[in-house]
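Computed from the coordinates by the stated procedures, all read-outs in this text should not be read as laboratory data. Values in this document were obtained by computation on a predicted structure and should not be read as measured data. Using ideal geometry, Cβ is built from the backbone for each residue, glycine included, and neighbour counts are taken over all protein chains shown.
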Amino acid sequence: MQSNNKKIFRYLIPVFLVLLYVGYNSASLFADESHTVDSLTETATVASHDAEHHETIGEMEHESAVEAEHKVDAGKLIMEHIGDAHDWHIATIGKSHISIPLPIIIKDNQGFKIFSSSRFHHGHEAYEGYKLEENKIVAVNEAGEINHEASFLDLSITKNVMSMFISVLFLCWLMLSVARHYTKNAGKAPKGIANLIETLIMFIRDEVAKPSIGPKYAKFLPYLLTIFFFIFINNLFGLIPFFPGGANVTGNIAVTMVLAVFTFVITSFNGNKSYWGHIFMPPGVPKALWILLVPIEIIGMLNKPIVLMIRLFANITAGHIIMLGFFSLIFIFGAMSETLGLGVSVLSVAFTVFMNFLELLVAFLQAYVFTLLSALYFGMAVEEHAHEEHH
């Protein structure tokens, strides 16, 4: 038992690093355009003049009175929080935004340009020929206009990328700590966090890998454990409303796409003769029908990673949208009436707390489902089919 666990912990680290590298590049290239760190409400300046003075003297300027707007754009609020960003928003105090700037890395025909996202001043200024436009880096000319013909590669470390760095470092520290615990306490029952991690590992091995894959499960176990813990930890981090949590990593379709591609590639490379034979030469079917069945089988094969990608992305994103929707109700009804807003806030907070606890279950469930489906695909690829010969 202990020998197997040590091997598992040793294999987890390199697979984590591979996932981190590919996820970093994908999440950087597919950074969500909808996130901004500007204020959630726009307040117009109000300038009023005394109604008793109807006559003005000389060149006095009269400023028109503008009502202050306190409306909350719920759609914008939600998209800002579930999207990616080039800085890590911490808090808003009055009109000031406290945030952690992240590195901007751009490769163009002049070479690499590396600087802090604070140079953009939240999208109000350009720097080195680039600026933030709806939180997407765009090239601009000397006049500050967007240059659509400019070609460059954005490799910036966004909020989601930084969150993956943090989660992978946390997982490496966690797994190495558990491994050291086993080394120091050989022959003893694990305690505390080591006991929890062993329980999860045994669950994935005995309830997911073995039944789904069969005798060849050990070959795929390191990958299955990696994606399970990677998705589970990032789901939990996404529920933390403050740094280092709050990033919507598994709700980013680029990240889920990378994970799904990993599963697809492993399935394809490990597919045996029987697996590919069922796709390109369906047994027990007249050859005249192969022209119809083979394209269907190929579509089914390609559809599996798409289902994995969308399932994880949609479920995690939906949970965040529901919770933020409850929060938005407070401001929407509060703009109508303070009393109404106060009453709605009690219900909204109660529902939000309930959804937050429910999301804890979803965090585990989605990691489990992704791992289970991956194991099922591996099992289909390595399963041996015995066909009787008919003479």
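Assorted remarks:
- Whole-Hz Karplus values for region 196-209 come out as 5, 5, 5, 4, 5, 5, 5, 5, 5, 5, 7, 9, 10, 5 Hz, taken residue by residue from phi with 6.51 cos²θ - 1.76 cosθ + 1.60 and θ = phi - 60°; glycine and proline positions read x.
- Each 10 Å bin, from zero up to the one with the longest distance, holds this percent of the alpha carbon pairs of region 88-199: 12, 30, 20, 15, 13, 8, 2, 0.
- Region 103-154 - Debye-derived log10 I(q)/I(0), Cα point model, q = 0.19, 0.29 Å⁻¹: -0.56, -1.34
- 3J(HN,Hα) from dihedral phi, region 224-240, Karplus parametrisation 6.51/-1.76/1.60, rounded to Hz, x for glycine, proline: 4, 5, 5, 5, 4, 5, 4, 5, 4, 5, 5, 4, 5, 4, x, 8, 7
- Using R0 = 22 Å, the C-beta based FRET efficiency linking PHE354 and ILE240 works out to 0.80.
- Cβ charges +1 (Lys, Arg) and -1 (Asp, Glu), total dipole of region 103-154, debye: 240 debye
- Extension reserve of the GLU149-LEU292 stretch, reckoned as 0.36 nm per residue once the Cα distance is removed: 47.0 nm
- Cα-based convex hull volume of region 164-304 per residue, rounded to whole Å³: 141 Å³
- Exceeding the 19 Å Cα-Cα cut-off - candidates LYS216/LYS273; LYS76/LYS136; LYS113/LYS136; LYS188/LYS219; LYS76/LYS107; LYS131/LYS159: LYS188/LYS219; LYS76/LYS107
- Remark on SER99: its backbone amide H falls under 5 Å from those of ILE90, a criterion applied only to residues 5 or more positions apart or on other chains, H modelled at 1.01 Å from N.
- One decimal place: the segment LYS76-LEU347 gains 95.3 nm when fully extended, by the rule 0.36 nm per residue minus the C-alpha distance.
- Among THR371, THR92, THR352, the ranking by other beta carbons within 10 Å of each residue's beta carbon, starting with the fewest, stands as THR92, THR352, THR371.
- For ASP87, distant residues with modelled amide H under 5 Å away: LYS159
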